[in-house]
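Colleague: Structure below; questions to follow.
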Ligand code: DNO
């Protein structure tokens, strides 16, 4: 397995020379400044690639080449958007960058309700609270059908949270929910989010699947011509949120995707943390089932509560057996004769992490700890 580190580009508070000290060999990054749907030009890719190479790294994975919302909605004339996506792929391939991670989550990317939940021994973690999500959905967004999506206990806890909330705590919640959108560092206000949610009205799970299938049909043949691999990132959390369908949440979903275009170039990003947030998902089993199609791995852990809330645990603790996951990935590598790039995903804010101004979920010391622990497991298993 190849150690990589997610770098958010020149605006990242963590520099490439600092990343070099973590021991990671490769960089995972994207041209976050380019709006969704526009072409990544050869010049822009080469400039970023040169920076990475000059610091002694390879650019192993593009995370992400984002998919425009119109493609997810199947809305309007999509020909130019598909053409642009294929052109970006060709420009990346010409630079020798051949693995692309993307997601098919409508509207929001990874979603948490608390970016600084305190840990017992100091430091903080990312947390998803089911009651806070319900409070946001029902009391702040005012989504009509929201009441039907939560059980009575969660609804009660949501009301209690909302009644005790202040403008500051409500803003904090909105900011936390928006923190997962790295593309151009977008944020929606409440009215903007209401508008974009309304634009999904009437789009069912099946519609989303058909739109996804169309995307695969449009881009996987190009990946095959260019010698590229695409790998979808699972939904985080792996369930429907804010009334939006999610279709990359469990083994059955992944199976459907793999069959929708049955070729090695149509692959998976095994994210142990995203999949691990659903108690029904057996992550080592998913890694075993789809091993041959895993082109990239995000390794992190979660601890779940009975009400659907969860928080991010240290990389080797939490509910997912990380050693078993890594063992499956090593097995897949030896079967395929390939090397799977992985990155320590997220991390606790530890020591002076909170002062560094890093991207939410992507601290320096917390990830360094995660990488060191995972490196230890790989070393022991191999
Ligand atoms: C969260 C990340 C995701 C991921 C995208 C891939 O920390 O793993 O935001 O980058 O979903 O498209």
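Colleague: Calculate how large, on average over all directions, the projected area of the Cα convex hull of the stretch 234-324 is; give the answer in nm² to one decimal.
Modeller: On the way: hull surface 23.6 nm².
For the stretch 234-324, the mean projected area of the Cα convex hull comes to 5.9 nm².
Colleague: Highest GNM mean-square fluctuation, the chain, Cα pairs closer than 10 Å: which of 322, 336, 178?
Modeller: Result: 336 has the largest fluctuation of those listed.
Colleague: Name the most mobile residue of 314, 176, 280, meaning the one with the largest mean-square fluctuation, in a Gaussian network model of the chain with Cα contacts below 10 Å.
Modeller: 280
Colleague: Follow-up question, since we're still on this one. Calculate for the chain the 222 nm mean residue ellipticity that helices alone would give, adding -39,500 (n - 2.57) per DSSP H run of length 4 or more and normalising by residue count, nearest 500 deg cm²/dmol.
Modeller: Numbers: 14 runs with 156 residues, N = 382.
Rounded to the nearest 500, the figure is -12500 deg cm²/dmol.
Colleague: If you build a Gaussian network model of the chain, linking Cα atoms that sit under 10 Å apart, which residue out of 284, 221, 17 swings the most?
Modeller: Its mean-square fluctuation being the largest, the pick is 17.
Colleague: Under a crude label model (7 Å from the Cα following the beta-carbon direction), how far is residue 382 from residue 194 in nanometres?
Modeller: My value for the distance between the label points is 5.3 nm.
Colleague: Can you give me the C-alpha center-to-center distance between the stretch 1-57 and the stretch 116-164, rounded to a whole angstrom?
Modeller: The distance from the Cα centre of the stretch 1-57 to that of the stretch 116-164 comes to 35 Å.
Colleague: Projected area of the stretch 68-172, taken from the Cα convex hull and averaged over every viewing direction, in nm²? It would help to have the intermediate numbers written out before the result.
Modeller: On the way: hull surface 44.3 nm².
The directionally averaged projection comes out at 11.1 nm².
Colleague: Taking the number of other C-beta atoms within 10 Å as the exposure measure, put 28, 232 in order starting with the fewest. If you can, show how the numbers build up before the last one.
Modeller: Values: 28 23, 232 29.
Ascending number of Cβ neighbours within 10 Å: 28, 232.
Colleague: No solvent, one uniform scatterer per C-alpha: report log10 I(q)/I(0) for the stretch 326-382 via the Debye equation at q = 0.18, 0.21, 0.27 1/Å, two decimals.
Modeller: So the normalised log intensities are -0.66, -0.78, -1.01.
Colleague: So how much slack lies between residue 84 and residue 151, counting 0.36 nm per residue of separation and subtracting their Cα-Cα distance, in nm?
Modeller: Details: separation 67, 0.36 × 67 = 24.12 nm, distance 4.32 nm.
So the chain would gain 19.8 nm between residue 84 and residue 151.
Colleague: Evaluate the Kirkwood expression for the hydrodynamic radius of the stretch 1-98, namely the inverse of the mean inverse distance over all pairs of different C-alpha atoms, and round to one decimal in Å. Don't skip to the answer; put the middle values down first.
Modeller: Details: mean 1/r = 0.0699 Å⁻¹.
By the Kirkwood definition, the hydrodynamic radius is 14.3 Å.
Colleague: Per 0.36 nm of contour for each residue apart, how much would the distance between residue 351 and residue 323 grow if the chain were fully extended, relative to their Cα-Cα spacing? Display every interim value, and only then the final one.
Modeller: On the way: separation 28, 0.36 × 28 = 10.08 nm, distance 2.61 nm.
Taking 0.36 nm per residue and subtracting the Cα distance, the gain is 7.5 nm.
Colleague: Among bridges DSSP assigns within the chain, what percent are antiparallel (round to 5)?
Modeller: 30 percent
Colleague: Oh, and also: Regarding the chain, what's the average projected area of the Cα-atom convex hull, expressed in nm²? Walk me through the numbers on the way to the answer.
Modeller: Working: hull surface 71.0 nm².
For the chain, the mean projected area of the Cα convex hull comes to 17.7 nm².
Colleague: Taking 0.36 nm per residue of sequence separation and subtracting the Cα-Cα distance, how much length would be gained by fully extending the chain between residue 186 and residue 372, in nm to one decimal? It would help to have the intermediate numbers written out before the result.
Modeller: Working: separation 186, 0.36 × 186 = 66.96 nm, distance 3.16 nm.
That pair, residue 186 and residue 372, stretches by 63.8 nm at full extension.
Rule-based calculations on the coordinates, nothing more; no lab input. No experiment lies behind these values; they were computed from the predicted model shown. For neighbour counting, all protein chains shown are included, and Cβ atoms are generated from backbone atoms with ideal geometry for every residue, glycine included.
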